[in-house]
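Values in this text are rule-based calculations from the coordinates and carry no lab data. Keep in mind that what you see is a predicted model, and the values were worked out from it rather than measured. Glycine gets a Cβ as well: all are built from the backbone with ideal geometry, and neighbour counts include every protein chain shown.
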Amino acid sequence: TIYRASTTAPVNIAVVKYWGKRDPKLNLPTNSSLSVTLSQADLRTLTTASCSASYLASEGDSLLLNGEPSDVSGARTQACFRELRTRRAALEAADPSLPKLSTMPLRLVSENNFPTAAGLASSAAGFAAFVRAIANLYELPASPSELSLIARQGSGSACRSLFGGYVAWRMGSAADGSDSMADQVAEAAHWPEMRALILVVSAAKKGVSSTSGMQQTVATSGLFQERIARVVPQNMDAMEKAIKERDFAAFAEVTMRDSNSFHATCADTYPPIFYMNDVSRAAIRAVEAINAAAGRTVAAYTFDAGPNAVIYYLEQDTEAVVGTFYHVLGDMDGWKREVLSGLKPTLSLDESVAGLLKAGVSRIIMTGVGEGPLKTEEY
Ligand code: DP6
């Protein structure tokens with residue numbers, strides 16, 4: 001017999017950023033964070049987990065990622081395997097009639113529906129799908145929050161991809177990490193109009209990984225202390241309130257301030273770390289011009305550990321936001337025709353801003369808030 005289960009898991013983009021570990025081994029953060037889960041129609045990982053007594057023990061556990069064998073010997077992947085097996089073994093000990101899946105080698109086959117080269121945080125969707133698929137295979141009675149404890153050990157941001165909608169990762173205080181997990185602040189259906197336009201910007205060279213960058217920030221930035229003690233706690237409260245009240249202006253201001261604060265601590269790291277480039281800064285200028293022209297806040301930018309811009313906006317403001325970028329960027333990969341048709345020509349951006357965007361944006365992704373992991377039967 002081959003036992004098998006599949007799941008998808010979404011990408012999430014934080015609006016209050018996780019940056020800093022108080023325990024690098026357990027992936028325990030120095031601050032809570034909050035993200036929006038993005039639609040799996042555009043961005044998702046699909047993972048199938050299988051196990052069988054007929055799989056050769058000598059082959060051990062394996063992972064095929066986008067068709068290529070991937071190393072599973074890393075401490076984080078091993079921690080996820082271990083945690084899941086321990087939970088399955090407990091079920092098997094309590095009910096001897098269950099097949100002994102915990103003793104069999106695991107095979108994982110994982111695929112992204114978006115190009116890895118886009119430099120989008122695929123580790124979040126990847127580890128969330130990894131954990132969810134094995135939990136499904138093992139029929140673990142664990143809630144998404146419990147599974148988020150395990151996914152967190154794979155990659156911090158992955159713990160937020162176990163849920164759809166608007167998701168918080170509570171930093172917790174326990175030394176063993178037992179209270180550092182994700183929960184859902186609001187379902188996607190609570191505020192379904194939320195959209196995200198991702199401007200994919202190619203980096204000249206590979207930047208500092210988030211794992212290493214945040215360790216350097218923790219070790220050397222003074223500004224970082226202010227961020228974790230005061231800025232983030234305030235942003236978390238304001239963001240949860242903005243989401244509950246569907247207050248886009250408040251959501252947008254906290255999103256932009258928090259991204260700026262995170263990148264300020266990167267600049268305050270010694271030596272400094274720069275994730276944004278001239279094209280990223282042009283995207284900020286464009287958002288400011290769009291908001292000024294609209295006379296209210298209709299768009300919010302945020303940047304992770306790379307130059308790509310993620311721009312949140314509400315569906316009703318598609319013309320002001322998407323229309324402006326479409327006007328500048330013209331035809332390229334990723335535009336959704338059905339959304340573009342009928343958009344009136346909008347605001348012309350400053351020539352230098354438009355020039356930087358035109359030269360630096362290589363593709364765009366139009367997406368929006370979406371659901372959490374789905375068993376593939378449901379998908
Ligand atoms: C800037 O989750 O990739 O995207 O825990 O070391 O795997 P590790 O880091 P990772 O860091 C993500 C950092 C961020 C902000 C965020 O997603 O909250």
What length, rounded to one decimal in nm, is gained on full extension from Thr376 through to Asp179, with 0.36 nm per residue of separation minus their alpha-carbon distance? 68.0 nm
Throw me the Rg/Rh for the chain, computed over C-alpha atoms with Kirkwood Rh, two decimals. 0.98
Residue among Leu106, Leu84, Gly20 farthest towards the positive dipole end of the stretch 1-155, charges placed on Cβ: Gly20
Springs between alpha-carbon pairs under 10 angstrom, Gaussian network model over the chain: which of Ala124, Ala79, Ala292 fluctuates most? Ala292
Only four residue types carry charge here, +1 at the Cβ of Lys and Arg and -1 at the Cβ of Asp and Glu. Report the dipole size of the stretch 241-347 about the Cα centre in Debye, rounded to the nearest 20. 160 debye
Relative contact order of the stretch 2-50 (C-alpha contacts under 8 Å, at least 6 apart) in percent is 52 percent
Using the alpha-carbon atoms, what tilt in degrees (0 to 90, nearest 10) does helix 144-154 show relative to the longest principal axis of the chain? 90 degrees
Note on the stretch 87-183: C-alpha Rg/Rh, Kirkwood Rh, two decimals, gives 1.02
Counting Lys and Arg as +1 and Asp and Glu as -1, each charge on the Cβ, what is the dipole of the chain about the Cα centre in debye, to the nearest 20? 580 debye
Picking from Gly207, Ala294, Tyr166, whose Cα lies most toward the positive end of the charge dipole for the chain (charges on Cβ: Lys, Arg +1; Asp, Glu -1)? Gly207
Only helical DSSP H runs with n ≥ 4 go in: add -39500 (n - 2.57) per run for the chain, normalise by residue count and round the 222 nm mean residue ellipticity to 500 deg cm²/dmol. -11500 deg cm²/dmol
Alpha-carbon centroids, the stretch 74-98 and the stretch 1-43: separation in whole Å: 21 Å
Taking the Cβ-Cβ separation of Tyr3 and Gln216 as r and a Förster radius of 41 Å, what is the calculated FRET efficiency to the nearest 0.05? 0.45
Which of the lysines could a cross-linker bridge to Lys205, judged by Cα under 22 Å and excluding same-chain residues fewer than eight apart? Lys358
Give the aspartates and glutamates reachable from Lys21 as a straight Cα distance under 14 Å; neighbours fewer than 8 places away on the same chain don't count. Asp176
Rounded to the nearest 10, the angle in degrees between the Cα long axis of helix 248-267 and the longest principal axis of the Cα atoms of the chain comes to 80 degrees
Rounded if a/c under 1.5, otherwise prolate or oblate - the stretch 264-379, Cα gyration tensor axes: oblate
13 Å cut-off, amide nitrogen to a point 7 angstrom out along Glu111 Cα→Cβ, residues in the stretch 25-56: 44-48
Roughly how tilted is helix 318-329, in degrees to the nearest 10 and between 0 and 90, from the longest Cα axis of the chain? 80 degrees
In whole Å, what is the distance between the alpha-carbon centres of the stretch 178-227 and the stretch 259-303? 14 Å
The stretch 1-151, convex hull of Cα, quarter of hull surface, nm² -> 9.8 nm²
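Within a Cβ distance under 13 Å of Asn235, other residues only, what is the Lys/Arg minus Asp/Glu net charge?
That works out to 0.
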Which of the lysines could a cross-linker bridge to Lys100, judged by Cα under 29 Å and excluding same-chain residues fewer than eight apart? Lys375
